[in-house]
1. When you go through THR50, THR15, THR89 one by one, which is the residue that is within 21 Å of ALA312 (Cβ to Cβ), under 18 Å from the mean Cα position of the chain (by Cα) and among the hydroxyl-bearing types (Ser, Thr, Tyr)?
2. Looking only at the range 81-102, decide whether some residue is closer than 19 Å to GLU310 by Cα, hydroxyl-bearing (Ser, Thr, Tyr) and modelled with pLDDT of 95 or more.
3. From the list ARG243, ARG258, ARG325, which residue is outside any helix (DSSP H, G or I) and not polar (S, T, N, Q)?
4. Restricting the first residue to the range 98-110 and requiring it to be under 15 Å from PHE167 (Cα atoms), which pairs with a second residue that is in a loop (DSSP other than H, G, I, E, B) meet a Cβ separation below 6 Å and a spacing of at least six or different chains?
5. Restricting attention to the range 183-204, and to residues there that are without any contact (Cβ under 8 Å) to a residue 40 or more places away in the chain and over 18 Å from the mean Cα position of the chain (by Cα), which single residue is surrounded by the most Cβ atoms within 10 Å (Cβ to Cβ)?
6. Report the residue count in the range 269-294 for those that are farther than 21 Å from PRO174 by Cβ, surrounded by 14 or more Cβ atoms within 10 Å (Cβ to Cβ) and among the aliphatic types (A, V, I, L, M).
7. How many residues does the range 93-134 hold that are out of contact with any strand residue (DSSP E or B) (no Cβ under 9 Å at 6 or more places or on another chain), part of a loop (DSSP other than H, G, I, E, B) and more than 19 Å from ALA66 (Cβ to Cβ)?
8. I'd like to verify a number: residues in the range 64-90 that are aliphatic (A, V, I, L, M) and part of a strand (DSSP E or B), how many?
Amino acid sequence: MMTEERTNGYKSGSTLEKVLATGHFAVTGELGPPQGADPEEVIHKAKLLTGIVDGVNITDNQTAVARMSSIASGVLAMREGLEPVVQMTCRDRNRIAIQADLLGAYALGMRNLLCLTGDHQSFGNHPTSKNVHDLDSVQLIRMVKDMRDDGVFQCGDAIKAGKPCFFIGAAANPFGDPFDFRPYRLAKKIAAGVDFIQTQLIYDIPRFREYMKRVVDMGLHEKVYIMAGVGPLKSVGMTRYMRDKVPGMIVRDEYVDRMSAAADGIPEDDKKARRDARRQEGIKICIEQIQELREIEGVAGVHIMAVEWEAAVKPIVEGAGLLPRPEVE
């Protein structure tokens, strides 16, 4: 009863949960903590996103690079009026440490959680460090759900001083191989107790439509809120790299062609103008993608990944007709 009073009948009472539960098209962003202890970088980024998104992912040592903790960064973001979506990876902590951090995060005001396996440490700046992977992302989802709904730790012991009531999220890659298996992977996370999903970046909307049709045919869209992942392209090189080098990602050639053509007519020596033209084209593409994704059955919102380019989020959300954001009680 105390939990229901505290969350007003919702699972967590977070703004993001209320926006989705009341049928609004949700918008989340992303904020990467700094590789240092200065809070000003987090504060600066937070100011660019406040009032623009319903929640902001605070990444957890993304790309396996040591950074300010996602929980500490989330507290700083909250002070600027942002609602954090704290990321928690299985790479760096065992189940004892994860549960301890979850209790602390909830006590500090965090209400949204994204459960991730985590990038392998070989990709980061400590490649010889040991990973943990005591749990995987599906097991983590289940553990957090049991803590919230049943008030028990993963070992079965009762939580004695207040349950952490998180709105539980996870990631999904609609394009990974084998493609036909992807909806079943999503179904496993739903069975474990996930409340919302943020997909990896989408640069092949026809293929994503095919994925979502399978999801809808299985009725999964009625059991979880699915937020489609988008991100503004910055350069031709970035676009080609994602198309040719990033496993599990499909980038249609038309985006490479559009980014290449964006600087046509601008002198080669005017590098700033050429860069700006391509960035504006990247924003335009992202807006068009959001407008297309809104029409796909089962898509409940978008997750905009513009890490280290937070200034692009406002023109994207505004251009897609998603401002002002809804006010929910």
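1. Unique residue meeting the criteria: THR50.
2. Taking every residue of the range 81-102 in turn, none turns out to be closer than 19 Å to GLU310 by Cα, hydroxyl-bearing (Ser, Thr, Tyr) and modelled with pLDDT of 95 or more.
3. Every option except ARG325 fails the conditions.
4. Listed pairs, sorted by first residue: LEU102/PRO164; LEU103/PRO164; TYR106/PRO164.
5. Going through the qualifying residues, I end up with PRO183.
6. 2
7. Qualifying residue count, the range 93-134: 2.
8. 3
The values are calculated or read from the model by the stated rules, or taken from the named source; none is laboratory data. Being a predicted model, the structure only gives us computed values, none of them experimental. Quick reminder, even Gly has a Cβ in these numbers, built from the backbone with ideal geometry, and neighbours come from all protein chains shown.
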